[in-house]
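Working notes, structure below.
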Amino acid sequence: MDAASSPPSFAGLRRTYEGQPLTEADLASDPVTQFGTWFADAVEAGLPEPNAMVLATASAGGRPTARTVLLKGYDPEGFVFYTNYESRKGRDLTENPRACLVFPWHPLRRQVRVEGSVVRLPREDSAAYFHSRPYGSRIGAWASRQSAVVRSREELDDRFRELAERWPEEPPMPDFWGGFRVVPSEVEFWQGQIDRMHDRLRYRRSGDSWIVERLAP
């Protein structure tokens, strides 16, 4: 086996994580405010796609799947993203309305993990966002039967052109498309530290308040 085809040495794929200590005294009183501080840091650092997050779902039968989606808003009620409701993630969340999000901000030696229940956004909220999207993205929402098998790329392109001819200016919002909100029950903030002695602080909802707990790395 030559060098080009040999597998990498995983033992050698190591990084030293050195970050500012994360202490309980550093945290905001609630996880959404703390998330906003770290999200602003990620934007200021110039991270590509700082709003990219891994979304993990499971079917009613417990079959898990994960993919990267984009956060499109957050507030004290939760974290918002948009999708085709008939996609695999849409079907999963209809059957089993719970999810986990991970924000992998590797250059900052940070990640944020969110667990919670999931609700659909009101249609008027989804419509407001849909009509703010670029024209091509709105046509694409109609053209792609997300997660369905297609015969070829040409099939997708032909459908896009057909729909663009039908709606040359203002495509309506599909009834199968809209937003979800992940309502957090737990939010963990992870800060890498030397010797794998990472800081992990978790907010856990308790009634109307939050309990902060330190987790072993």
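The values are calculated or read from the model by the stated rules, or taken from the named source; none is laboratory data. On a predicted model such as this, the values are computed, not experimentally measured, just so you know. Don't worry about glycine lacking a Cβ; one is built from the backbone with ideal geometry, like all the others, and counts go over all protein chains shown. Protein only, heavy atoms only, side chains kept; ligands, DNA and RNA dropped before computing areas. Shrake-Rupley method; radii C 1.70, N 1.55, O 1.52, S 1.80 Å.
The residues of the stretch 177-187 that are over 11 Å from GLU77 (Cα atoms) and touching a helix residue (DSSP H, G or I) at 6+ places or on another chain (Cβ under 8 Å), listed by number, are TRP177, GLY178, GLY179, PHE180, VAL187.
If the condition is being among the charged types (D, E, K, R) and in contact (Cβ under 8 Å) with a residue 60 or more places away in the chain, then the stretch 35-68 contributes only ASP41. Every residue in the stretch 182-209 that is in contact with a strand residue (DSSP E or B) (Cβ under 9 Å, 6 or more places away or on another chain), part of a loop (DSSP other than H, G, I, E, B) and not small (Gly, Ala, Ser), please. Across the stretch 182-209, the qualifying residues are GLN193, HIS198. For the stretch 167-193, a residue qualifies if it is out of contact with any Leu (no Cβ under 9 Å at 6 or more places or on another chain) and open to solvent by 10 Å² or more (accessible area, probe 1.4 Å), and the qualifying residues are TRP167, PRO168, GLU169, GLU170, PRO172, MET173, ASP175, PHE176, TRP177, VAL183, SER185, GLU186. Restricting HIS106, HIS198 to residues that are open to solvent by 70 Å² or more (accessible area, probe 1.4 Å) and of a type outside the set (A, V, I, L, M) narrows the list to HIS106. The set of residues in the stretch 41-66 that are farther than 13 Å from ARG98 by Cβ and within 8 Å of the chain's Cα centre (by Cα) comprises ASN51, ALA52, MET53, VAL54. Of all residues in the stretch 141-166, those satisfying the criterion of being more than 23 Å from ASP92 (Cα to Cα) and surrounded by 11 or more Cβ atoms within 10 Å (Cβ to Cβ) are GLU155, LEU156, ASP157, ASP158, ARG159, PHE160, ARG161, GLU162, LEU163, ALA164.
Being touching a residue at least 60 places away in the same chain (Cβ under 8 Å) and either farther than 22 Å from VAL54 by Cα or touching a helix residue (DSSP H, G or I) at 6+ places or on another chain (Cβ under 8 Å) (or both) is a description that applies to VAL118.
Looking only at the stretch 73-82, residues that are in contact with a strand residue (DSSP E or B) (Cβ under 7 Å, 6 or more places away or on another chain) and over 13 Å from LEU101 (Cα atoms) come to 3 in all. Considering the stretch 116-140, the residues that are in contact with a strand residue (DSSP E or B) (Cβ under 8 Å, 6 or more places away or on another chain) and either modelled with pLDDT under 95 or open to solvent by 60 Å² or more (accessible area, probe 1.4 Å) (or both) include one that is nearest to ILE194 (Cα to Cα), namely VAL119.
State all residues of the stretch 46-85 that are farther than 28 Å from PRO122 by Cβ and open to solvent by less than 60 Å² (accessible area, probe 1.4 Å); if no residue qualifies, say none. Outline the logic, then answer.
Here is the first cut: in the stretch 46-85, the residues farther than 28 Å from PRO122 by Cβ are 46-48, 61-64.
Selection gives GLY46, LEU47, GLY62.
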